[in-house]
Amino acid sequence: MEWKGRRQSDNIEDRRGDPSIGGLGRGGGFSFPSGGGMGRRGGGLSIGTIIFLVVIYLIFKAMGIDLLQVMDGGMSTGGSGYEQSDSSSSRQPADDEMTAFVRTVLAETEDTWNGIFQSMGRQYEEPRLVLFNGQTQSACGFASAATGPFYCPSDHKVYLDTAFFQQLSKQFGASGDFAEAYVVAHEVGHHVQNQLGILPKFNEARQRMSEADANKMSVRVELQADCFAGIWGKFTEQKGILEAGDLEEALNAAQQIGDDTLQKRSQGYVVPESFNHGTSAQRARWFKRGFDSGKLSDCDTFSGPV
């Protein structure tokens, strides 16, 4: 994908290194599956550890050594040391290549959906994309690396942990820039669903559904987002910026994160009634359908079999 040198979106919030995080479990968002292989992060120090640290501090204090002053001096001086007083110093540079890539892909989705909505006589509200590492807070609740990339309809934002692309390549075997672009385009696809009123209807309906029925409907929602990502891919191809093998990268990514493939990898067997994103074959097929057609009307996953 020849993305360098193209327009970059300004709709980015870079929260990497932001210490102001915390919250409850995430709910109401639409996530890109992370495979369930990452455990929940710890929430802090135990009482025993705190007591131990206090005792150590008092011992050194009695010896005339103030550990707090030593630590403060060590972290606030030196040419390559970590500046604790400036939280932005722990953030990755805003102009790194990965950030530039995400900004460019987001800009390409903006161009695509602005044009499509304009052709329908509608206004497209561009989403914001939040870059974070480890964990952050959204209007849908607490987000961590374990949730994978996701879209929160409550604040119209896409959330992307910056380490996910490495996980996509190393753990899932889905490498390549167009595979990564597919991830962003899929979450933006959820935003398009939100703009079209599809997500609000689904969120309202699933409150009255059984878990099994809600999972089935969720599969249709996710497959439509894949189809919308394919539409974006079609418009990107028409601009002449796709390279040989790009489509195969996206299709491979879609296959590698299918519910059946993820469950086989993590537990050795599949539980179809628990699927909520779609099988590998379904995800690849609906992305390809959107890519081949480029039409919203061909992305109706709610009528007939999927």
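On the basis of the beta-carbon distance and an R0 of 22 Å, LYS201 and ASP298 show a calculated FRET efficiency of 0.65.
Taking a point 7 angstrom from the Cα of GLU273 along the C-beta vector, which residues in the range 204-231 have backbone N less than 11 Å away? Within reach of a label on GLU273: 211-213.
Close amide H contacts of VAL130 (hydrogens built in the peptide plane, cut-off under 5 Å, sequence separation of 5 or more or a different chain): GLU13, VAL158, TYR159, LEU160. Classify the range 142-183: rounded, prolate or oblate, from the alpha-carbon gyration tensor (a ≥ b ≥ c, eigenvalue square roots; a/c under 1.5 rounded; otherwise prolate if a/b is larger than b/c)? Oblate, because a/c is 1.5 or more while a/b does not exceed b/c.
Take PHE32, PHE142 and order them by how many other Cβ atoms sit within 10 Å, fewest up front. Please list the in-between numbers first.
Details: PHE32 25, PHE142 16.
So the ranking, lowest neighbour count to highest, is PHE142, PHE32.
With a threshold of 23 Å on the Cα-Cα distance, the over-threshold entries among LYS4/LYS288; LYS4/LYS234; LYS234/LYS264; LYS239/LYS288; LYS201/LYS288; LYS216/LYS288 are LYS4/LYS288; LYS234/LYS264; LYS201/LYS288. The loop-placed GluC sites (Glu not before Pro) in the range 223-306, going by DSSP, include none that has at most 10 neighbouring Cβ atoms within 10 Å of its Cβ.
For each of LYS234, LYS157, count neighbouring Cβ atoms within 10 Å of the residue's Cβ, then give the residues from fewest to most.
On the way: LYS234 16, LYS157 22.
Ascending Cβ contact count within 10 Å gives the list LYS234, LYS157.
Could you tell me which of rounded, prolate or oblate describes the range 216-306, using a ≥ b ≥ c as the square roots of the eigenvalues of the alpha-carbon gyration tensor, with rounded for a/c under 1.5 and, failing that, prolate when a/b is larger than b/c and oblate otherwise? Oblate shape, in that a/c is at least 1.5 and b/c is the bigger or equal ratio.
Read-outs throughout are calculated quantities, based only on the coordinates presented, and are distinct from any laboratory measurement. If you're wondering where the values come from, they're calculated on a predicted model, not measured in any experiment. Here the Cβ is made from the backbone with ideal geometry for all residues, glycine too, and neighbour counts use every protein chain on show.
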